[in-house]
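Please treat every number below as a calculation from the coordinates, not as lab data. None of these values were measured; they are calculated from a predicted model. Cβ: placed from backbone, ideal geometry, glycine included. Neighbour counts: every protein chain shown.
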Amino acid sequence: MKTPKVFESEYRFCLILWENEPITCSKISDICKEKLGWARTTTYTVIKRLGDRGVLKKEGSTITSLVTKEEIQLAEMNELFEERFEGSLPAFIAAFAKKQKLSEKEYEELKKLVGEDK
């Protein structure tokens with residue numbers, strides 16, 4: 001099953017959900033008002049959209065996630081990888097390495113991941 005798309009504002013909502021689930025709609029609405037500045041109607045709209053896309057389920061007034069943070073992150077990375085780097089791992093790593101200074105430990109970890117240190 002393909003991981004549903006989660007947009008930036010929805011992701012911020014999901015971070016709150018993952019940290020507090022299971023949680024009532026009312027309680028998460030209060031947290032979203034405090035942390036995100038959202039009106040109650042905005043929170044309920046996001047709950048409906050994410051429920052329709054299979055990201056969360058609502059039973060009564062309680063919501064729980066159906067996908068993990070890691071699944072969403074991986075799907076986002078795969079999309080970025082395919083769309084921006086045309087599926088080329090070397091191009092992806094080269095672009096990342098040019099922008100970020102890797103520590104010796106990170107460099108060694110990357111070598112292990114690509115199998116150079118077997």
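Could you check, for segment 76-88, whether at least one of its residues is more than 21 Å from T3 (Cα to Cα), of a type in the set (A, V, I, L, M, F, W, C) and part of a helix (DSSP H, G or I)? No, segment 76-88 contains no residue that is more than 21 Å from T3 (Cα to Cα), of a type in the set (A, V, I, L, M, F, W, C) and part of a helix (DSSP H, G or I). Just one residue in the set E104, E109 is closer than 28 Å to L15 by Cα and not hydroxyl-bearing (S, T, Y); that residue is E109.
When segment 17-64 is limited to residues that are touching a strand residue (DSSP E or B) at 6+ places or on another chain (Cβ under 9 Å) and part of a loop (DSSP other than H, G, I, E, B), the one that is surrounded by the fewest Cβ atoms within 10 Å (Cβ to Cβ) turns out to be G60. Scanning segment 66-83 for residues that are surrounded by fewer than 12 Cβ atoms within 10 Å (Cβ to Cβ) and either of a type outside the set (D, E) or touching a strand residue (DSSP E or B) at 6+ places or on another chain (Cβ under 8 Å) (or both), which turns out farthest from G51 (Cα to Cα)? Among them, the one singled out is L80. Scanning segment 32-49 turns up no residue that is touching a Ser or Thr at 6+ places or on another chain (Cβ under 9 Å) and on the phi > 0 side of the Ramachandran plot.
The residues on offer are E10, E34, E82, E59, and the sole one that is closer than 21 Å to V114 by Cα and not hydroxyl-bearing (S, T, Y) is E82. Counting the residues of segment 61-118 that are in contact (Cβ under 8 Å) with a residue 12 or more places away in the chain, over 21 Å from the mean Cα position of the chain (by Cα) and farther than 30 Å from R40 by Cα gives 1.
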